[in-house]
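First up is the structure itself, then whatever we jot down about it.
The values are calculated or read from the model by the stated rules, or taken from the named source; none is laboratory data. Here the structure is a predicted model, which means the values were calculated and not measured. FYI the Cβ positions are ideal-geometry reconstructions off the backbone, even for glycines, and counts take in every protein chain you see.
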Amino acid sequence: MSFNKRLTSEKGTSLEEGTGLGLLLVKQFLINNKGLLNIQSKEGEMTEFIISFLKA
């Protein structure tokens with residue numbers, strides 16, 4: 001998955017709208033802090049976002 005552009009946002013569980021900006025902010029934070037993002041998704045069920053950082 002590429003995070004180089006803003007994604008379209010789907011409606012949330014309460015039909016709220018997003019901007020699609022969240023993952024771009026997370027990406028920049030991870031780059032600045034040498035972190036990793038792993039995304040695991042099961043269609044129609046769930047998406048799990050796992051953020052990891054190196055120990056100092």
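The C-beta contact set for segment 35-56 (first residue within 17 Å of residue 25 (Cα to Cα), second residue aliphatic (A, V, I, L, M) and surrounded by fewer than 10 Cβ atoms within 10 Å (Cβ to Cβ), distance under 7 angstrom, 6+ apart or interchain) comprises 38/50; 39/1. Any chance segment 1-8 includes a residue that's exposed (fewer than 11 other Cβ atoms within 10 Å of the Cβ), hydrophobic (A, V, I, L, M, F, W, C) and modelled with pLDDT of 85 or more? Within segment 1-8, none of the residues are exposed (fewer than 11 other Cβ atoms within 10 Å of the Cβ), hydrophobic (A, V, I, L, M, F, W, C) and modelled with pLDDT of 85 or more.
Among the numbered conditions (1) modelled with pLDDT of 85 or more; (2) exposed (fewer than 10 other Cβ atoms within 10 Å of the Cβ); (3) not in a strand (DSSP E or B), the only one that residue 27 does not meet is (2).
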